[in-house]
1. Identify the residue in the stretch B:207-245 that is touching a residue at least 60 places away in the same chain (Cβ under 8 Å) and closer than 30 Å to residue B:43 by Cβ and, among all such residues, is nearest to the other protein chains (Cβ to nearest Cβ).
2. Just name the residue that is surrounded by the most Cβ atoms within 10 Å (Cβ to Cβ) out of those in the stretch A:56-82 that are at the interface with another protein chain (Cβ under 9 Å from one of its Cβ atoms) and in contact with a helix residue (DSSP H, G or I) (Cβ under 9 Å, 6 or more places away or on another chain).
3. Please find, within the stretch A:28-55, the residue that is surrounded by the most Cβ atoms within 10 Å (Cβ to Cβ) out of those that are facing another protein chain (nearest Cβ under 10 Å) and part of a strand (DSSP E or B).
4. Could you grab me the full set of residues in the stretch A:88-116 that are part of a helix (DSSP H, G or I), over 28 Å from the mean Cα position of the chain (by Cα) and within 8 Å of chain B (Cβ to nearest Cβ)?
5. For the subset of the stretch A:166-211 comprising residues that are out of contact with any strand residue (DSSP E or B) (no Cβ under 8 Å at 6 or more places or on another chain) and on the phi > 0 side of the Ramachandran plot, which member is modelled with the lowest pLDDT?
6. Tell me the residue from A:124, A:146 that is within 14 Å of chain B (Cβ to nearest Cβ) and more than 23 Å from residue A:46 (Cα to Cα), please.
7. For the stretch A:161-183, does any single residue satisfy the condition of being over 30 Å from residue A:124 (Cα atoms) and over 12 Å from the mean Cα position of the chain (by Cα)?
């Protein structure tokens, strides 16, 4: 009944030009497995790591950034291993999730510090360009200790792009940003990606990933649950089985009508409560009011009961 | 050595409240020297200065505590608050990071301890033959602060409880164990420092004498510093930053 057979994002071909490659990568802490046998290849463009908190997204990003040694498997960025290779940072930029920065430095000094540590020939000019790119010229000489979370985040991005890295890794970059800052940051990341760079960011918010990422990796409980372009993932999530709670003027008769509809997998009538299971979310949402009207039944409520992101992740994990 | 990291670390340390507290603490031996000179003329000035002020207060307390505060904070504070990621995500060899952090922590520690040593010694020994005591303790605190700082910097990259472990080393190991069991003094930075002071001072054994010979102390200082720095660099090369689940 489902359309899942048409969507097999896990089997998609690797990108023509892989800049990031993970092969059978696992990472565990003692007896706890944080990342379990993950493999994927990414090319230039924006990729979102989507998953609930604690799914292993940060662990993957930290392995990509060379800050965590994989317990098994290989991690390659731009064709080279990154663990214990500080020289790799000439081509990688990292925006960590933690808000901490140096509160006594001004935003400009913070970016300048990054430029100097990268050994850039004109660190002052590079820092100024990066500050302009994140639209922080006005506040650049204020101490970072007085910045809002969003301003802090933008300066962290400026610091990460000051050396024009080919790969930019961002851990929950939109945390704490207001909607305007969020849009601005998305535009900035799209611009950076349009220059042929690879951007990987993590998020537990579906809408953020949907708006920015061309490709999505869904990480759940340390496993790669799905991978592909966002439309494929969205279809996969939409076409999963859903349960609706229905209230009407005649639940018993409505149940008998609905069960005959091809979009309905099953109905359950428990006293005054009618639950309908469907494999086609959109088709059922259109069919239910139409059938009710035809039968002269007054439809009082039609409520999907499992729309939380957790339930989506839970479904993907069980596939 | 990386000048940018060195300058950043100095700025971090000088701006902290703990630096002000250590400066105030460093004034304590100076104040006691002033009180001593004002109030007591009967004791042997060289004896009191070497054993009570310079050894008892500065080498035994101020020196290790200052080195502990700055040695563990130089890199440990950044590891703790998460800012170390901004240093470690740069193409800077790890030995340069350690060198910059060590030199900055040593400079601040030595500046505070040396100032206190010179002022305290000059006041307490004023009017009598100095017998090389001041120079001896200047050299002892200068070298001792380097060894202590290297040791505590190492602690900060191997454990998140560096401050507590350092206090245990200073007060339990050096303060109690090495006092009770003379064979353990070979593993005491305090004893190395006193050995250096004894080597340079021109005092009689009755006035001031260290338990370790000066040459042996210098050799041990070199060995301990080299081992601590090497281990710190190795540890930083394999240092992991991530979320433990």
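1. So the residue we want is B:208.
2. For the stretch A:56-82, the residue satisfying everything is A:65.
3. A:35
4. Across the stretch A:88-116, the qualifying residues are A:113, A:116.
5. A:176
6. Answer to the selection: A:124.
7. yes
Here's the yes/no breakdown for (1) in contact (Cβ under 8 Å) with a residue 24 or more places away in the chain; (2) farther than 22 Å from residue B:143 by Cβ:
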| position | (1), (2) |
| --- | --- |
| B:165 | no, yes |
| B:168 | no, yes |
| B:173 | no, no |
| B:176 | no, yes |
| B:187 | no, no |
| B:197 | yes, no |
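The values are calculated or read from the model by the stated rules, or taken from the named source; none is laboratory data. Source: prediction; values computed, not measured. Here the Cβ is made from the backbone with ideal geometry for all residues, glycine too, and neighbour counts use every protein chain on show.
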